[in-house]
Amino acid sequence: MLKDLVLKNRTYRRFYQEEKISREELLEWIDLARLTSCGANLQNLKYIIVNEDDKNEQVFKELKWAGYLKDWDGPEEGEKPSAYIIMLVDTEIGTNIFWNHGLAAQSILLGATEKGFGGCMIASYNKGNIKDALGISDRYDTLMVIALGKPKEEVVLEEIGEDGDIKYWRDENKVHHVPKRRLEDIVLDI
């Protein structure tokens, strides 16, 4: 069952924009992050929920999408995320995030996947503009934006080819292909 969730939990960049995500669902996924283990038990991660159209647009315009897809500027109208979770670190508690943000984001995305949604962790965005648009205090440093919605695209995992290229790509049918290394290529026998 966990493997099925992990396989369904892909990085989605196109969504059914009209499929809304309630605040209660977003809180449920953040609660999973809250319950996830964290380094030194600092619990210094905080979250902002964005799921209203006007604020969604403020966040969307500050995001950078899919570095390997040079000819794609991101989702078109009708394919944009219907919600975001902005992940922050509370610098008054502590600035060391260890690996906490990755664990928390994975918990959020697995929770979303379990409910038929999907998302994309985004670390490439205009931090200052998002902080200004949402009125985020200097006490908090933004770590990532998690874009969420009902996936509108198919993502296919495949083995890396002989050329060793790891870059994801889209075919003519907008199917998103993600090369993955084989298990025997990542386990070292020493």
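The values are calculated or read from the model by the stated rules, or taken from the named source; none is laboratory data. These numbers come from a predicted model, not from an experiment. FYI the Cβ positions are ideal-geometry reconstructions off the backbone, even for glycines, and counts take in every protein chain you see.
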Check: Among E24, E19, E28, which is the only one that is surrounded by fewer than 16 Cβ atoms within 10 Å (Cβ to Cβ) and more than 26 Å from D90 (Cβ to Cβ)?
Finding: E19
Next item on the list: For the range 9-25, state whether one or more residues are assigned to a strand (DSSP E or B), in contact with a strand residue (DSSP E or B) (Cβ under 6 Å, 6 or more places away or on another chain), polar (S, T, N, Q) and modelled with pLDDT of 95 or more.
Entry: yes
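Mind listing whichever residues of the range 128-149 are loosely packed, with under 14 Cβ neighbours inside 10 Å and either in contact (Cβ under 8 Å) with a residue 60 or more places away in the chain or of a type in the set (A, V, I, L, M) (or both)?
The one that is loosely packed, with under 14 Cβ neighbours inside 10 Å and either in contact (Cβ under 8 Å) with a residue 60 or more places away in the chain or of a type in the set (A, V, I, L, M) (or both): N129.
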Next item on the list: Within the range 160-190, count every residue that is more than 24 Å from A66 (Cβ to Cβ) and surrounded by 10 or more Cβ atoms within 10 Å (Cβ to Cβ).
Entry: 1
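Go through the range 37-68 and report how many residues are surrounded by fewer than 16 Cβ atoms within 10 Å (Cβ to Cβ) and under 20 Å from I21 (Cβ atoms). First the steps, then the outcome.
To start, the set of residues in the range 37-68 that are surrounded by fewer than 16 Cβ atoms within 10 Å (Cβ to Cβ) comprises 37, 39-41, 43, 52-54, 57, 61, 64, 67-68.
Filter once more, so that each one left must be under 20 Å from I21 (Cβ atoms): 52-54, 57, 61.
Summing the residues that are surrounded by fewer than 16 Cβ atoms within 10 Å (Cβ to Cβ) and under 20 Å from I21 (Cβ atoms) in the range 37-68 gives 5.
Taking the range 3-48, which residues are hydroxyl-bearing (S, T, Y) and touching a His at 6+ places or on another chain (Cβ under 9 Å)?
Those that are hydroxyl-bearing (S, T, Y) and touching a His at 6+ places or on another chain (Cβ under 9 Å): T11, Y12.
Being touching a Cys at 6+ places or on another chain (Cβ under 8 Å) and at pLDDT 95 or above is true for just one of A147, A123. Which residue is that?
It is A147.
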Checklist line | Test for R34: is it basic (K, R), over 24 Å from T91 (Cβ atoms) and assigned by TED's automatic domain parsing to the domain that holds A123 | finding: no
Next item on the list: Within the range 144-190, track down each residue that is among the hydrophobic types (A, V, I, L, M, F, W, C) and outside any loop (DSSP other than H, G, I, E, B).
Entry: M144, V145, I146, A147, L148, V155, V156, L157, W169, V178, L183, I186
Item checked: Whichever residue in the range 77-127 is in contact (Cβ under 8 Å) with a residue 24 or more places away in the chain and charged (D, E, K, R) and, among such residues, is surrounded by the most Cβ atoms within 10 Å (Cβ to Cβ) -> K80
